[in-house]
Structure formats: C-alpha cells, structure tokens
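To start, the structure under review is shown below, and the notes come after it.
Every number here is computed from the coordinates shown, using simple stated rules; none is lab data. Remember, it's a predicted structure, so these values are computed and weren't measured experimentally. Heads up, the Cβs are rebuilt from the backbone with ideal geometry, glycines too, and the neighbour counts pull from every protein chain shown.
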Amino acid sequence: MQLRFQTRVSSKPRQNTVREDGFTLVEILVTLTVLSIALPVLMYSFRNAAHGQALSENQTTAVYLLKFRMAEIELGGYPDIGEGDGEFGENSRFRWHSSVQDVTSDEIQNLRRITVTIMWQEQGKEKSISMSTYMADRANQAQGQSGGPQT
C-alpha cells in the first residue's frame, strides 16, 4: 500500500484579495458599546466591595478594642463602682465608655456588673458595640465562707 500526496501549486496570482489585518470600524464600535455598558456596573461593584470591606474592618477593630478594654479592667482586680471614658491613643476614631455597677442579691454578695462600650464614627453616624460581664470579689467571698477573719 502506497500513499500518494499531491499538492497543487497555482501559478496564477490572486487578484482582488482583501487583507484582514486589524479591526473594522463596526467591530470597534461594538466593543466600545459593550465596554460602556459593562464598565459602570463593574465600577459600582468594586465601590460596594471596598465600602463593605471598610465597614467590616471598623467592626472587627471595635471588637478587638472591646476585648482589650475589658481585659484591662479585669486585670485590675475587683473594680470600683463608677464610670469612665477615654480614647485609644491620640487622634483615634475609637472611644470607650465603661460602667461598673454593684449588683445586689440575697444569695451573692460583692458582685459587680462591668459594661464596656466602644464608639466610633462611620458615614457621619455614631456606631457602637457593647459587652457586659460580672465580677465577684473573691477575697471577701473566701473570708465570708470561712466565718470571717480569726483573731
């Protein structure tokens, strides 16, 4: 079995050929029309994504600062009753407010409620996040259970 390949070479020059290098005016106009429709939608989506990321960043920072301030109060031992305000450094957009209240109960003595609130400005509005916890005076509880100090 033999395979034969034949090629034909034309000796006639090609006439009336159109070069198809580049784009036609219609193709360019169609491309510009599609871009003019799609580009604003894409820009709007990117702007919304950046805005959502900024809001999320503020909330995450506020949660971390809330935990930090609450830990500072807890590390100070049994807190005194009262309120306090402050900022987290100079020119910080985040501020804090803390409140310590005595909780009265027949069963539990020397119990305090600690509430910490973090506030910040976002889009011209004040936003805030709060957390509360309770703390007992363990030193006084130990003395009360053992019958008081011995002399």
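A few points about this structure:
- The S130 and D80 beta-carbon pair, evaluated with R₀ = 25 Å, returns a calculated FRET efficiency of approximately 0.80.
- Global geometry of the stretch 26-145, whether rounded, prolate or oblate, following the gyration tensor of its Cα atoms and the 1.5 cut on a/c: prolate
- Dipole of the stretch 26-145 computed with +1 at Lys/Arg Cβ and -1 at Asp/Glu Cβ about the Cα centre; of T61, H51, A38, farthest Cα towards the positive end is A38.
- The charge dipole of the stretch 26-145, taken about its Cα centre with unit charges on the Cβ of Lys, Arg, Asp and Glu (plus for the first two, minus for the last two), comes to roughly 360 debye.
- The stretch 111-138-the stretch 78-103 distance, computed between alpha-carbon centres (Å): 8
- Each Lys or Arg adds one and each Asp or Glu takes one away; over the other residues whose Cβ falls under 13 Å from the Cβ of T61, this sums to +3.
- Coupling constants for the stretch 41-55 follow from the phi torsions by the Karplus curve (6.51 cos²θ - 1.76 cosθ + 1.60, θ = phi - 60°), and in residue order they are 5, 5, 5, 4, 5, 5, 5, 5, 5, 5, 5, x, 5, 5, 5 Hz; glycine and proline get x.
- Counted by neighbouring Cβ atoms within 10 Å, the residues V100, V26, V116 run from fewest to most as V26, V100, V116.
- When each of I129, I28 is scored by the number of other beta-carbon atoms lying within 10 Å, the sequence from fewest to most is I28, I129.
- Karplus-derived 3J(HN,Hα), 6.51/-1.76/1.60, for each residue of the stretch 96-103, Hz, glycine and proline x: 10, 9, 10, 9, 10, 10, 7, 10
- Ranked list, fewest to most other Cβ atoms within 10 Å of each Cβ, for S130, S99: S130, S99
- In order along the stretch 77-89, the phi-based Karplus estimate (6.51 cos²θ - 1.76 cosθ + 1.60, θ = phi - 60°) of 3J(HN,Hα) comes to x, 5, x, 7, 5, x, 10, x, 9, x, 10, 9, x Hz; Gly and Pro are listed as x.
- Residues of the stretch 45-83 with amide N under 12 Å of a point placed 7 Å along Cα→Cβ from Q123: 48-49, 51-56
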